[in-house]
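Please treat every number below as a calculation from the coordinates, not as lab data. None of the values given here were measured: they were computed from a predicted structure. So basically every Cβ, Gly included, is an ideal-geometry build from the backbone, and we count neighbours across all protein chains shown.
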Amino acid sequence: MRLIPARTLVLYCAWLTMALASAAAFGQSEGTAHHDIVIKNAIVMTVTHGNITNGSIYIKDGKIAAVGETVNAPASATVIDAGGKYLTPGIVDSHSHIALDDDVNEATNPITPQMMMKDAFDYQDKAIYRALAGGVTTSLLLHGSANMIGGQAVVIKHKYGASRDELLFPNAPRSIKFASGENPKRVYGSRDQLPSTRMGNFAVQREALVQAQDYIREWDNYNEKVKRGDKDATPPKHDLKLDALADVLRGKIMVQIHIYRADEMLTEIAMAKEFGYKIRAFHHALEAYKVADQLTANNIAIATFSDWWGYKQEAWDAIPWNATMSTRKGVRVAIKSDSEDYTRRLNQEAAKTMRYGGATEEEALKMITLNPAWIVGVDDRVGSIDVGKDADLVIWDGYPLSTYGVPEKVLIDGDLYFDRSQPGLGTTHYKEGE
Amino acid sequence: MRQPSAMSVQLSAGNSVWRGHCSPRSVILIWILSLSALAFAQDKPILLKGGKLLTVTHGVIENGAIVLYGGKITAVGDASTVRAPAGARVIDVTGMTIYPGLIDSETQLGLTEISAEETSNDLVELSDEIMPHMHTAEAFHAESALIPVARMNGITNAVIAPESADTLPGQDSFIQLAGANATEMLLIRDNAMPLNFTGDQRRNKGGFEKHKFPSTRMGLAAQLRQAFLDAQDYKSKWTDYERKKADAAQNKDKDKDKKPEPLAPKRDLKLEALLPYLEGKKTIVLAAESPSDLETAVSLANEFKLKFVLNHISHSQPVLDYVASLKVPVIVGPIYEAPKEEERYDTVYSLPAQLYERGVKIVFASYSAHNVRNLPDQAGFATAFGLPYDEALKAITINAAEIWGVADQLGSLDVGKTANVVVANGDPLDVKTDVKQVFIAGREVPMTDRQVRLRDEYSK
């Protein structure tokens, strides 16, 4: 039975999309802890500018206001003594399907870009808490990989115990999940439907994008008529599906593609060029090491596993050196979970890249912080310890890039959400029985 | 329990090809590598000198030396005291950490190649819940590409178990992860048998429209009980037959007591397979997760006086004192098993430590095929939640050897044991540690696998 989780992965791996363009800026207005905080006596792993031994951070209004060996902070600030332990930015998981109550795949049609994962988001799911306890502060919740074009993703912060809207990452860019390979062809092929082959997969995808082009043309014509003062012009019918795809073609939605094989990566790159959109990241991307140069040339990141392999045919050429080999070729690499289990210990997964191929400590840490933040499109706000960024921080008991490092405290927007030393669940906002 | 008979055989297989490669080209490549490796590993003693030895049974030797000769460990000690035998090849392992080969107490190695490809799977028979006559040894695929991947991280021995979909899915095997062929790698066939009672075996569970027995725990328990009762009955028939036969033989010359030759009972493979377990000669691996399933399973086992070890018990935290009172070892976890909804995040992470504190002997298992190489990560992670380091290491070495009846041959760096030895650049329980060389029965395992070859091919 223990093999089953690896198989369920087959259906999960997929995509996501959107992020909540409509979400209001919740983060700063409400909340319990937007007073001044100083964390001192920490080994600060900044990700962008090295480690500061015996460093301090000054947090003001949920943002990092100062970082250094010493910081200027008001005397009234709350002081947290890190006791010489490691401090890192919160982990960003760029491929997750938690907190969706198994509503991961709308597997009734291979093209479902109008699905909004936000609509399935269960902010009380304990998986959010368990990931938080593993140091994860931001996750991209994606649609599954049953469909060639799945739904639009939601970006969350792991503020377990807060209200739903407080968990939504404010103003995160939109992402959409595409898929390829075995999953769509198996799901629809098993029903004697299109697609049942890789040719079918790509034909279905291309067909949808052509429809979106037509749709854009219809709207352009209409808008042109209105502009010319044509009072009789009737607007085309709004189609949620095509609205979403049109936004893909207009570059308003980032494309995140579930993909394994190198040849399919090349086909997806060609397809993106054919229709004029950009691919933000290949997810899983277990054969990225075979075509890393092409990924770099097209500024496509990867969100991959450290060492998973062999669970399906298209994962047969997976190698644990993928992350480091791709990094050396200039690819932006993230290690992601795609799993309720692994999201709890992504630090260990990242540390494996130091073994397999000799990633540096900073490179390994970047794979679970700044690089996934770039994939999600929030690298200007999270993913490193820099002035102006959200105070999403983890104090570690033990060296984080090892088997032994476990989070002691996790702060999001400067507010303490998890504290290992607390009894019960260790949550500071969620109370049992509520 | 039958002791491994293949161990000494391996030592004479000096010209055999080690298995576990895929393409014809790579087979040739590895064959050449193997020959060159075997040429010196087989015939000559090897002295590993200067490393930090984690002996497991007698502490750490900081500047140690160890001799591998004739497939066995023939000397272990401080580098200043251990002498190289005549003709020994001396390997300087200064700065390295040396430890015994790791033992994974439940895997599906050799029973699957690509999980989603059913044709490559020989994991469990689903035609019935009672399948004790299934022998994993008879499906074990020695040439699996997964085996070299696992052994490159220092896993040298493993239990192979069928998947847990059946109450009695069949019998385990105990393997060594290198050898000329399946026969050589299968150190013990039918070494143990899982008895699964986790609720997952209720595959006939459905609505009222689905009427196949058994669909409940009551049904599974009744079915299991009947199987053991049938086996008892079967045994008495055979005992009776043997007695009558002996009786007849004894009286064959006495005309007046002459009886007709008794008829042998019909052989029943299922029931026959249960006999060594009913007789307490072999170990049942009793799997349960929650307290209620655990106590039911234990009472079933006690009803038939089965000798057992426990498996999983990931959600039995409320009854750990009861577990300790059973005085049996536990294959724990995996500790990555998610806690129940209402439980603290580290409830299962800390289970090994909680068991250890109650005096329970624990071992770890990957419960995997592709991820067997990550076995030591689990032991390391358990230390972050309270398990002492030495106990974590024992849980993947000597404790496992003891449970599986091979502690006289495996599980520690001790003179006389099989020379399954790992050389790594650091702490065996840390994910960053790179294994540099693995010795199995004194032979240098070629440090390559399918993944290494792909890496090298695309690094050109």
*Listed residue (B:Thr57, A:Gly358, A:Ala244) projecting farthest to the positive dipole end of the protein assembly as shown, Cβ model*: B:Thr57
*First measure r as the distance between the Cβ atoms of A:Leu266 and A:Thr53, then evaluate 1/(1 + (r/R0)^6) with R0 = 56 Å and state the FRET efficiency to the nearest 0.05.*
0.80
*Using the structure shown, select from B:Lys307/B:Lys327; B:Lys244/B:Lys266; A:Lys352/B:Lys436; B:Lys235/B:Lys282; A:Lys252/A:Lys290; B:Lys72/B:Lys282 the pairs with a Cα to Cα distance greater than 18 angstrom.*
A:Lys252/A:Lys290; B:Lys72/B:Lys282
*asked:* Can you compute 3J(HN,Hα) from phi for each residue in region A:119-126, using the Karplus curve 6.51 cos²θ - 1.76 cosθ + 1.60 with θ = phi - 60°, rounded to whole Hz and x for Gly and Pro?
replied: 5, 9, 5, 9, 6, 9, 4, 5
*asked:* At 7 Å along Cα-to-Cβ for each site, give me the label-to-label distance between B:Ser292 and B:Asp456 in nm.
replied: 5.6 nm
*Based on DSSP H assignment, which helices of chain B show an axial Cα extent of at least 20 Å together with a mean Kyte-Doolittle hydropathy greater than or equal to 0.5?*
B:24-41
*In whole Hz, with x marking every Gly and Pro, tabulate ³J(HN,Hα) for region A:288-297 from phi via Karplus 6.51 cos²θ - 1.76 cosθ + 1.60, θ = phi - 60°.*
4, 4, 7, 10, 4, 4, 5, 5, 4, 4
*Could you work out the longest stretch of chain A that avoids the trypsin sites (Lys or Arg not before Pro) located in DSSP loops with at most 12 other Cβ atoms within 10 Å?*
A:1-190
*Which loop-located chymotrypsin sites (Phe, Trp or Tyr not before Pro) does region B:190-240 contain, where loop means any DSSP state but H, G, I, E or B and the Cβ has at most 10 other Cβ atoms within 10 Å?*
B:Phe208
*Extended-chain gain in nm, criterion 0.36 nm per residue less alpha-carbon gap, A:Phe275 and A:Val387*: 36.4 nm
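Looking only at the protein assembly as shown, where both bridge partners belong to it, what percent of the DSSP beta bridges are antiparallel (to the nearest 5)?
55 percent
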*asked:* Over chain A, with a Gaussian network built from C-alpha contacts below 10 Å, which listed residue (A:Asn371, A:Asn147, A:Asn201) shows the highest mean-square fluctuation?
replied: A:Asn201
*Would you please give the FRET efficiency between B:Ala84 and A:Val210, computed as 1/(1 + (r/R0)^6) with r the Cβ-Cβ distance and R0 = 60 Å, to the nearest 0.05?*
0.20
*Which FRET efficiency value, to the nearest 0.05, do you get for B:Lys44 and A:Asp341 by plugging their Cβ-Cβ distance into 1/(1 + (r/R0)^6) with R0 = 45 Å?*
0.50
*Return the percentage of antiparallel bridges among DSSP beta bridges fully within chain B, rounded to the nearest 5 %.*
55 percent
*asked:* For the pair B:Ser120/B:Lys436, report the inter-label distance in nm, with labels modelled 7 Å from Cα in the Cβ direction.
replied: 3.3 nm
*Extending each Cα 7 Å along its Cβ direction at B:Lys244 and A:Asn109, get the distance between those two points in nm, one decimal.*
7.4 nm
*Per-residue average of Cβ from other chains inside 10 Å of A:313-326*: 4
*Can you sort A:Thr267, B:Thr418, B:Thr239 by how many other beta carbons sit within 10 Å, fewest first?*
B:Thr239, A:Thr267, B:Thr418
*Please give the length that would be gained between B:Asp200 and B:Lys281 if that part of the chain were fully extended, namely 0.36 nm times their separation in residues minus their C-alpha to C-alpha distance (nm, one decimal).*
26.4 nm
*Between B:Val90 and residues 5 or more places away or on another chain, which pairs have amide H atoms under 5 Å apart, with H built 1.01 Å from N, and which residues are they?*
B:Leu47
*Using the Cα centre as the reference, give the magnitude of the dipole from point charges on the C-beta atoms of region B:221-263 (Lys, Arg: +1; Asp, Glu: -1; all else neutral), rounded to the nearest 20 debye.*
60 debye
*Pick out which of A:Ala146, A:Ala212, A:Ala334 has the largest mean-square fluctuation in a Gaussian network model of chain A, springs linking Cα atoms closer than 10 Å.*
A:Ala212
_Just to confirm the filter: which GluC sites (Glu not before Pro) across region B:205-279 are DSSP coil and have at most 11 other Cβ within 10 angstrom of their Cβ?_
B:Glu209
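Rounded, prolate or oblate: which one fits region B:375-460, using the alpha carbon gyration tensor with axes a ≥ b ≥ c (rounded when a/c is under 1.5, else prolate when a/b beats b/c, else oblate)?
oblate
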*Under Karplus coefficients 6.51, -1.76 and 1.60, residue-wise ³J(HN,Hα) of region A:262-277 in Hz, glycine/proline x*: 4, 4, 5, 4, 5, 5, 5, 4, 5, 5, 4, 5, 4, 9, x, 10
*Just name one of B:Asn251, B:Pro276, B:Ser292: the one whose Cα is farthest towards the positive end of the charge dipole of chain B (beta-carbon charges, Lys/Arg +1, Asp/Glu -1).*
B:Asn251
*Would you please state which residues of region A:120-135 a label at A:Ser163 would reach in this model, taking the label point 7 Å out along Cα→Cβ and a backbone N cut-off of under 18 Å?*
A:121-125
